[in-house]
């Protein structure tokens, strides 16, 4: 299999944006998807209407408290209650409801028409398995990161096989739950290049707070190239340290839980690590995907992310740990 | 019944000396540690409210710990596991151990006073409810101190809360805590429905009833229909956790969403269960402070009923993001918006009343809290409109926006009115009022603190912060907002602390000097003592103290009804439910220990079951039943006396059976609760069939047993019902003893239990097991619910036999017999319905 050119600059840029910290990287107000944009407009309109109503209540209330005798006498009538307490809400709420149902209908229509590419996301305790289909219809297993082609609708199949999770990438779209025994579909379309962040929104126990992910939007051509590379087997270690790390990975039993395609590691309990070095983060968006972080994660993950299901590996000698981390970081 | 014109006093003459001392002696609250045996509504209600407030303070402290943890990103103040326990206990305590009990406590405390009744009709039941609640609540809360607290969030969604993902007893302690609040809520509902409908003063028609009493009546009605859903849900969850009946496990045909439907079918009305009575309190305070009757009384009553009714139609708005079809989303979105309208009516009614005042609105601490409530609750209602818009909810749901929203609704809608209530009604139970000077500080600290805490959270949520996260990374733009919220929380806490200090300094139980400090118009401001009012007035308007000059004096001089104690014990007047004309005198039990022991043993039994000590738990259950029997033995005292004179030539009986008796009403309420529970079960059965028809018989499970089995069970039920008809005829004349009727009743009860047993045996012999799949679990659950009723009926029938044996049962003295018979008939009906469902439905669709 030919490998498409590696794009370290992109990965670095992506990591830079995500990790230097950028307000709005996980925000319903910084919309970078079609649905999020529609909802944001609805939010500002509805909030404006509500603010006007609040202002009205406060003005009338102030007049009732401190207005002139004439004004107060005028307010002290049942007609006021009927006009402002009954008729006004019916009119305002009907308008808002109609608008909201139109937005809802648009989303449902996108769902119905989307047949394009489909990505399955499985909520796990406490990470995300992301399964793409490549051009030949084969499954491409990845984790904790969703890559999207710019401007193309993508249909997500959201499932869970343990507890209820909820997939929420607020910059792109609203959330949708992942419920055992059910398949929920969400069609999203990112219209802005770059990286945003999302997070599990349904409390799922333990480190629910640390179950996040990144969404990376690429130009369509780059996306296709990336997907082809993601489908390929893992990069063969090139340096001595990486080779030692690869051996240690197998010797230490990491393969019982993790897969690295092209090696003996075929575990399915933990995230697939075939291209883990190319991701923005590890540990479901808890640490950047660099060698130092891999080393920290391997020895200290129960402190970094308490109760996660990976045991800490503290017995490794420092140079072994470095080798293992170097190997994992090289898996781009 | 003869009614005297309003101006003629029923007992115009002077009262005999010593009469008031007799009343005092009869209604005396015991001293020292014996105060635990007290049942008087003032003593019980004050203690109830105090304990509920204690839970508010403790859960509030947990909130401060959470705010401390979230003040900065990546904080390590508390561990992840502890944080998860803390937010679960905070939510559960605030909703179940503070809000609902506080409202019930206010009902117990204020209703008899507002209705000028000497007490609510079932004083020991109220006392039982509070003891069960105190013991269960304290045990539940204390689990946070030894790492045993539940950590599934206050709505405890399975599968997270199933044994596989939540091993240990933590989740069971949640179910335990909820079990107690279910018991005390139902007990409170019985008390309040019968109290408001049957113990109003003569002349107080429904249309003259104080708004608070209206709101409590609706509150109780909502409990009757909403709580059974959560009772069923908690039963199912505990059964799945303990015995593996797969109601919620998708791989065996169960569905996690069944829990969400049941929980929110309760959970949404729960918000209105909390809010409507609080709004009722505001509707009492505003007219007094404005010195003007409520503008739009009828509109408010309609609004309260409408809100109560609508609130049952919008539970799905808690589930907008579960992927349900767009059509349902649209319906429940519309319903969720419609429920804003009754609130709008109330808000503008209060504003119109404020405007109507002859002088301008007096600014007291109580009125400040009312105004603060208006502001906060309006914002909460408007953000409620935002989250009711489905696409917006996709973004806002389970984010900090929602945290902000429901705190605006609940703290604004319930806590602020409660503090207004403290300042307004404290003079009713304390010699000193609270300090107005400190009160200003309390209000402004709480009002500003609240808004500083929760207003920024709207933004935090929009910026992407989900709720229930124990920490968050830096750099997402959440740091300063969270820091502001934390500062606000401590300001709010300082306000509450100042209130507590003032309360400790000023609260002295007893009689105040000034009987009506605010110049209010309703009856709770009549002069009162332990026996409540000296005599029970006839009222002619909604604000009798404003419209009937001299009322307070005449009441205190005993010139109205029942100025004495003609039966020599505790008693009050029972009136007709709509027109409030005197019907009979209810004789009420006094202080006692049996109900206290019943509560202690019920609590112990549940607790021991939670920690899986089954044998001691069973022993405690038996002791609890014995205590109930001892308690109930003295209640049916029979028509031993001639009718008594209450004044104005009105002579009333002291005993009633049938539909005018308060015990008949209580049994009807209980049957409504049982029926709601069964309806929730039928819904669950059909729901799981819709989700997983493939596990239903005959394809997914052993074929149904042959129709002989249900036919046999049905025959037993019909035979039992026939026996009852005979049993009624065999009741002896008063003064004679004949056990025939009681024994036939027992036979009918045995038939009911046997029908349930036959049904179970039929399914068992077909090879079906409850653990097989969701279908099997549902089939056996139907029988479990039937047997639960049958067990209660059996115990009651045994009790009736005992009454017959003791010569305390005859054609006149038969309340125990009638009540057992009613529940038995209900049980037979429910069992029959279950047979039709379980045996008919799979055959009809298969």
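Just so you know, all these numbers are worked out from the coordinates, no wet-lab data involved. Please read these numbers as outputs of a predicted model, since none were measured by experiment. All Cβ positions, even for glycine, are placed from backbone atoms using ideal geometry, and neighbour counts span all protein chains on display.
Annotations
- Rounded if a/c under 1.5, otherwise prolate or oblate - the stretch B:38-506, Cα gyration tensor axes: rounded
- Highest average packing first - B:793-804, B:682-693, Cβ atoms within 10 Å: B:793-804, B:682-693
- Expected 222 nm ellipticity per residue - DSSP helices of 4 or more, -39500 (n - 2.57), all of chain B, to 500: -21000 deg cm²/dmol
- Computed over Cα pairs, the Kirkwood radius of the stretch B:676-845 leads via Stokes-Einstein (1.002 mPa s, 20 °C) to a diffusion coefficient of 127 µm² per second.
- Considering all different alpha carbon pairs of chain A, the Kirkwood hydrodynamic radius works out to 22.4 Å.
- Centre-to-centre separation between the Cα atoms of the stretch B:519-570 and those of the stretch A:146-197: 66 Å.
- FRET efficiency, 1/(1 + (r/R0)^6) with R0 56 Å, evaluated for residue B:653 and residue B:682 via beta carbons: 0.85
- C-alpha center-to-center spacing [the stretch B:417-465, the stretch B:774-794] in angstrom: 47 Å
- Projected label points at residue A:319 and residue B:205, each 7 Å from Cα along the beta carbon direction, are separated by 9.9 nanometres.
- Euclidean distance between Cα centres, the stretch B:586-640 to the stretch B:19-51, Å: 20 Å
- Using C-alpha pairs below 8 Å separated by at least 6 residues, the relative contact order for chain A is 17 percent.
- Take the Cβ atoms of residue A:309 and residue A:55, set R0 to 60 Å, and the FRET efficiency comes out at 0.70.
- Sorted peptide list for B:704-710, B:306-312, criterion being average Cβ within 10 angstrom, highest first: B:306-312, B:704-710
- Placing a label point 7 Å from the Cα of residue B:25 along the Cα-to-Cβ direction, the residues of the stretch B:527-569 with a backbone N closer than 15 Å are B:564-569.
- Virtual spin-label span in nm between residue B:635 and residue B:791, 7 Å along Cα→Cβ: 1.9 nm
- Stretchable slack from residue A:250 to residue A:152, in nm (0.36 nm times residue separation minus alpha-carbon distance): 31.3 nm
- Cβ crowding within 10 Å, taken as a proxy for footprinting-reagent exposure, orders A:230, B:191, A:264 from fewest neighbours to most as A:264, A:230, B:191.
- Average other protein chain Cβ within 10 Å of Cβ, residues A:54-67: 5
- Only helices enter the 222 nm calculation for chain A: every DSSP H run of n ≥ 4 contributes -39,500 (n - 2.57), and dividing by all residues gives -13500 deg cm²/dmol, rounded to 500.
- Remark: mean inter-chain Cβ contacts per residue of A:103-110 equal 4, using a 10 Å Cβ-Cβ cutoff to other protein chain atoms.
- Per-residue Cβ neighbour counts within 10 Å put A:248, B:389 in the sequence A:248, B:389, beginning with the fewest.
- Among B:580-589, A:163-172, the order from most to least packed when residues are scored by Cβ within 10 Å on average: A:163-172, B:580-589
- With Cα atoms, 0 to 90° folded angle of helix A:8-20 axis to chain A main axis: 50 degrees
- One equal scatterer on each Cα of chain B, no solvent, Debye formula: the resulting log10 I(q)/I(0) at q = 0.08, 0.09 Å⁻¹ is -0.73, -0.94.
- Kirkwood-Stokes translational diffusion coefficient of the stretch B:457-546, alpha-carbon pairs, 10 °C, 1.306 mPa s, µm²/s: 86 µm²/s
- Across peptide B:371-382, the mean count of Cβ atoms from other chains lying within 10 Å of each residue's own Cβ comes to 3.
- Percentage relative contact order, chain B, counting C-alpha pairs under 8 Å, at least six apart: 16 percent
- When B:251, B:398 are arranged by Cβ crowding within 10 Å, least crowded first, meaning fewest neighbours, the order is B:251, B:398.
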